[in-house]
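Structure first, commentary second.
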Amino acid sequence: MTTFKSLGLNASLLKAVEKLGFETPTEVQHKVIPLLLKNNTDLVALAQTGTGKTAAFGFPMLQRIDEEDRNTQGLIISPTRELCLQITNEMTTYGHGLKNLNIVAIYGGANISEQAKKIKRGAQIIVATPGRLKDMIKRKLVNIANIRYCVLDEADEMLNMGFYEDIKDILKNTPNDKDSWLFSATMPPEVNIIAKKFMHDPHEITIGTKNSSSKNIDHQYYIVSGRERYNALRAVVSLNPEIFACVFCRTKIETQKVAEKLISDGYKAAAIHGDLSQNQRDAVMQSFRKKRIQLLIATDVAARGIDVDDITHVINYQLPDEIETYTHRSGRTGRAGKLGTSIIFITKSDQRKIRQIENKLQTKLSLQEMPSPETIFGNKISHWVEQIKSTSVLSDLNAYLPKAIKGLEELDKETLIELMLSREFKAFDFNPKLNDHGSERNGRERGSKRERSERKINAPKDKDRFFINVGARDQYDWQTLKDFLRSFLNLGQDDVFQVEVMKNFSFFSTHKDHRDLVLKSFENLVMDERKVNVELTKKGKTYAPKSNFKKNRKKSR
Ligand code: AMP
């Protein structure tokens with residue numbers, strides 16, 4: 001059996017491997033690590049996210065750099081800020097035993113002088129996004145003229161995002177005799193051009209194109225009409241109470257619509273798409289990572305660099321045009337040896353696409369029957385039973401237990417269970433309409449009829465969606481935040497709608513007519529010594545305050 005030791009890793013890295021609990025090298029690590037440790041070579045590796053590629057280039061780079069030399073020796077370029085930070089974290093963990101090692105992340109949307117300061121202290125390895133790196137090279141804040149190793153990670157994504165010119169410019173600032181290691185999930189012509197133009201006779205390695213999409217991933221599909229799509233999504237979620245999923249839609253509008261519907265139906269969901277600012281995207285991703293959000297509804301572009309392990313399901317609300325994109329999407333689950341499920345909702349007329357995917361992946365996709373309400377409810381009961389059985393007993397209860405036992409002593413076991421179930425599921429619809437698969441919510445989460453109709457107020461088409469930096473941590477729920485916004489803005493009952501409260505931030509909508517009122521009213525608003533920040537979620541329309549009118553509404557809650 002191949003071990004990390006047999007790949008040639010030194011003691012310090014082997015210690016990191018042990019600490020991380022990696023038992024055996026993944027395929028890409030098995031093929032790449034010995035090659036890069038023993039040879040000065042360029043490399044083109046076709047490998048997807050989740051295959052363990054960060055360690056495949058990270059271990060050799062860490063083993064080969066000289067930690068006593070403070071000059072920059074290794075450069076890793078990645079498409080997104082999320083991925084850049086993820087690589088930096090992983091590399092820092094792997095390199096824990098190297099006491100003088102300094103790895104610095106540089107990326108857009110953050111303070112450039114802070115990043116420059118960190119580089120100035122001496123960074124043996126820089127992990128960067130292309131735009132910010134180019135900017136810092138121009139301003140002479142980084143020097144990559146003497147690097148020995150250069151990684152282009154997710155090269156296809158970088159080129160998709162239009163970074164071709166930036167990458168060309170960056171590479172011009174690096175020495176010719178460095179080792180270049182390019183990692184890409186696919187090999188479009190543009191990646192080939194980069195390989196030809198900037199690399200010398202690279203080794204080529206392909207990782208599991210045939211099986212990476214089938215080995216750990218169960219591919220399933222449901223045939224649904226366009227109208228049934230949303231209910232099908234709810235059914236799948238209801239069948240899997242512990243689901244932690246990424247749901248892919250084709251457009252930003254669809255993404256937002258699906259997320260809003262799920263939220264109004266009581267699910268822990270949020271949308272991520274290109275109309276959110278970087279800060280808003282970070283906040284949503286943070287909530288997803290911490291599992292405060294169970295369903296992340298995303299466009300393909302926004303999902304780039306999603307670095308979340310443990311995703312149990314990838315759901316294709318609609319199929320993408322390219323089969324390659326399907327492979328990318330499904331690669332978000334079934335990572336690092338875990339099992340995952342990739343689900344497609346498809347209309348009857350589009351079924352031929354299933355055959356195309358099967359041919360491409362060389363694997364069978366299984367057709368699923370839409371579950372009946374009885375199956376869904378049966379599943380909920382099993383989940384409830386498991387939850388009860390795995391509850392940890394509170395030791396502080398001991399003193400009060402006799403009182404509770406005495407209070408319930410006339411009830412036999414069956415009656416007690418019946419009562420508990422009735423309490424838990426009191427708001428569950430046992431006779432759902434055809435194709436209405438019941439709600440995920442139990443009685444407590446579902447709320448009163450009035451609350452539900454409040455949450456479902458029809459949004460006008462001409463609405464604006466706002467981000468506000470207060471949330472559950474400030475003791476708001478959707479209703480108290482709505483009440484606060486209405487009274488603060490002096491608006492009517494239905495003028496503020498789709499209030500969505502997360503832990504640290506929230507979203508709400510108003511009619512476009514109220515845009516100026518909303519933005520102006522929050523200008524310079526300070527609550528509890530914190531500046532309240534309200535932004536339009538549309539890209540490029542961030543508000544620039546015009547007046548200095550200062551309000552202090554500390555007591556407004
Ligand atoms: P990557 O493809 O680099 O994004 O890695 C995906 C995940 O797999 C990361 O969370 C790694 O920490 C983890 N990982 C990498 N190599 C191994 C391994 N040999 N065994 C188990 N997990 C691994």
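The table below lists the values:
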read-out	value
Listed residue pairs exceeding 23 Å between alpha carbons, taken from 168/252; 31/178; 19/117	168/252; 19/117
Kirkwood hydrodynamic radius of region 5-206, Cα pairs, Å	16.8
Calculated from backbone phi, Karplus (6.51, -1.76, 1.60) coupling profile of region 269-275 in Hz, x at Gly/Pro	10, 7, 9, 9, 7, x, 7
Of 291/389; 261/531; 257/503, those spanning more than 24 Å from alpha-carbon to alpha-carbon	261/531
In Å², nearest 10: area of residue 203 left accessible to a 1.4 Å probe	80
For the chain, with +1 on Lys and Arg beta carbons and -1 on Asp and Glu, the positive-most of 507, 151, 40 along the dipole	507
Extension gain (nm, one decimal) between residue 117 and residue 397, 0.36 nm per residue minus Cα-Cα	95.5 nm
HN-Hα J in Hz across region 239-251 - Karplus 6.51, -1.76, 1.60, θ = phi - 60°, x for Gly and Pro	5, 10, x, 9, 4, 9, 10, 10, 10, 9, 10, 8, 10
Per-peptide average of other Cβ atoms within 10 Å, ordering 409-418, 32-41, 73-82 highest first	73-82, 32-41, 409-418
Relative packing of 485-491, 266-272, which averages over residues the other C-beta atoms within 10 Å, highest first	266-272, 485-491
Under-5 Å amide H pairs with residue 297, H placed in peptide plane, nonlocal only	247, 270, 271, 272
Residue 340 long-range amide H proximity, modeled H, under 5 Å	217, 218, 334
Residue (of 62, 258, 345) at the positive-pole extreme of the chain, dipole from beta-carbon charges	258
The chain, dipole about Cα centre (Lys/Arg Cβ +1, Asp/Glu Cβ -1), debye to the nearest 20	1560
Anchor residue 134: aspartates and glutamates whose Cα lies under 19 Å away (excluding residues fewer than 8 positions away in-chain)	82, 114, 153, 154, 156, 157, 165, 166, 169
Most positive-pole-ward Cα, 186, 273, 327, against dipole of the chain from beta carbon charges	273
Kirkwood hydrodynamic radius (C-alpha pairs) into Stokes-Einstein, region 217-371, 20 °C and 1.002 mPa s, D in µm²/s	138
Taking only Cα atoms of the chain, radius of gyration then Dmax in Å	26.4, 84
For the chain: accessible area per residue (Å², 1.4 Å)	50
Distant-in-sequence amide H partners of residue 105 (H built 1.01 Å from N, under 5 Å)	127
Check: region 217-371 dipole with +1 on Lys, Arg Cβ and -1 on Asp, Glu Cβ, in debye	60
Accessible area of the chain belonging to carbon and sulfur atoms, whole % at 1.4 Å probe	50
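The values are calculated or read from the model by the stated rules, or taken from the named source; none is laboratory data. Quick caveat: nothing in here was measured; it's all calculated off a predicted structure. Cβ coordinates were reconstructed from backbone atoms using ideal geometry, including for glycine residues, and neighbour counts include every protein chain displayed. Please note that ligands, DNA and RNA were not included when accessible areas were found on the heavy atoms of the full protein model with its side chains. Shrake-Rupley method; radii C 1.70, N 1.55, O 1.52, S 1.80 Å.
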